[in-house]
1. Which residues in the stretch 186-221 place their backbone N less than 15 Å from a point set 7 Å from the Cα of Lys164 along the Cα-to-Cβ direction?
2. Expressed as a rounded percentage, what relative contact order does the chain have, with Cα pairs under 8 Å and six or more residues apart?
3. Which loop-located chymotrypsin sites (Phe, Trp or Tyr not before Pro) does the stretch 136-192 contain, where loop means any DSSP state but H, G, I, E or B and the Cβ has at most 11 other Cβ atoms within 10 Å?
4. Keeping all protein chains in the complex and leaving out DNA, RNA and ligands, what accessible area do you get for Ser315 with a 1.4 Å probe, in Å² to the nearest 10?
5. Could you work out the Kirkwood radius for the stretch 281-434, taking every pair of different alpha carbons, averaging 1/r and inverting it, reported in Å?
6. For a Förster distance of 41 Å, can you work out the FRET efficiency between the beta-carbons of Ala93 and Ser315, rounded to the nearest 0.05?
7. Taking the Cβ-Cβ separation of Asp401 and Leu82 as r and a Förster radius of 41 Å, what is the calculated FRET efficiency to the nearest 0.05?
8. Please identify, among Phe374, Phe249, Phe208, the residue showing maximal mean-square fluctuation in a Gaussian network model of the chain using a 10 angstrom Cα cutoff.
Amino acid sequence: MTAQKPLNVLLLGSGGRESALAYKISQSPLKGRLFVAPGNAGTGRYGTVLNFAASDFDAVCKAVEEHEIDLVVVGPEDPLVLGLREALDARPAGCRPVAMLGPGADGAALEGSKDFAKLFMGRHGIPTARHLTVTAETIADGEAFLATLNPPFVLKADGLAAGKGVLIEPSLEAARASLRTMLGGQFGAASAKVVIEEFLSGIECSVFVITDGKGNYRILPPAKDYKRAGDGDTGLNTGGMGAVCPPPFADAEFMKKVEERVVRPTVEGLIADGIDYRGFIFLGLMDSDGDPMVIEYNVRMGDPETEAVMPRIASDILPVMYHAALGQLTDSDIVVTDPRAAVTVVAVAGGYPGKYEKGKVISGKLEPEHSIVFHAGTRIGEGGHPVTAGGRVLAVTSLADTLKDAAKASYAALADIHFEGMRFRSDISADVTD
Ligand code: AMP
Ligand code: GLY
């Protein structure tokens, strides 16, 4: 599409992922005005911050009219699972036409229900771990299935459980006990159904696809995130302590298998199932001896992977987003990758992922020359200074010819940033470079 008029964009969300999306969108020559809601202390650098929650659908609809929005880009999954697309579609006649990047509630079930995702993969021949879904009524079947598996045992709450709904149990006894506890309401309604799964070993990576619901798609550079709180992958699970892009093991041969065995059947499966999916698909994959297996689908970009992926996209992302949202990706919508490697290190609040304090003043070099500091859990405090407002506070990304040099640069940038209790992993990328 040529001679496109400038696009006004409303980006929903407030984390490091949204900072990275805002950073990338703001560089587009196609951009008219960019609004971010609710944003954080850093998003004002890229656009105008609007003060409403991402799941406040009335406020989204109002903002579309008031700010003449052409494209709504949804960062987190909640507004999608809760039906933002349907809410926009249900606006009265005469409302401003607007494109939205992100699936409807039907597509968002790929993330919102692990049972739905497993059935989808089964229907479309997409490689994934063997599984059985059980309820309180079928618990005996679940126990029998557990007995057919080798340890450790993977139990997943069917619904959204704030990233905490997956238990990996070392013994059959522990797995049986956890199955009962989960079905007994450990995660509320989210664990009324539990997916029991075969344990897969290998190394994990995240692959992001943007699709237009018509069978056209683009694959973004692959990434790997670091979920555990401590060095050497120890400690509690977190939202993500860092990311590398690309992980060296996700080479051309692996990515070809991912495209043939996972991406294409997923995009085509959605169409076959009558789901008009326009948005990002996040494939959580296990590289199992060179073969990709799907661990999970998410219906959004990853965080902190986005902070590593966006800076590596050398081309304009906005036309790709807009045309995917319109349902018409064209040959001119290309994704060009920067040959350099990216390493993102997340600075978290002391105590995270457990209890932590907020409101700590952030000082130091927040706009370094050789790195990008993406704000995540921050807000503007007294006197206009940024203060901490969440567990994951900042995500620092650097690009360099090698992952090793990119990591060095991100750690150098972090040495110049301070807030009380600040902590980060010191080994992001070490496992894939040493
Ligand atoms: P999920 O929420 O499905 O991504 O699961 C959270 C984490 O649990 C994943 O990132 C994996 O590290 C781990 N996991 C989930 N399913 C499996 C599996 N079948 N085998 C091994 N690890 C798994
Ligand atoms: N980094 C993993 C996620 O966003 O779910």
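The values are calculated or read from the model by the stated rules, or taken from the named source; none is laboratory data. Predicted, not measured: the structure shown is a model, and the values here were computed from it. Cβ: placed from backbone, ideal geometry, glycine included. Neighbour counts: every protein chain shown. Surface areas here come from the heavy atoms of the whole protein model, side chains and all, with no ligands, DNA or RNA. Shrake-Rupley method; radii C 1.70, N 1.55, O 1.52, S 1.80 Å.
1. 186-191
2. The normalised contact order for the chain reaches 17 percent.
3. none
4. The value for Ser315 is about 20 Å².
5. Final number for the Kirkwood radius of the stretch 281-434 is 17.4 Å.
6. Details: r = 37 Å, r/R0 = 0.90.
Given R0 = 41 Å and the Cβ-Cβ separation, E is 0.65.
7. Approximately 0.45, to the nearest 0.05.
8. The residue with the greatest mean-square fluctuation here is Phe249.
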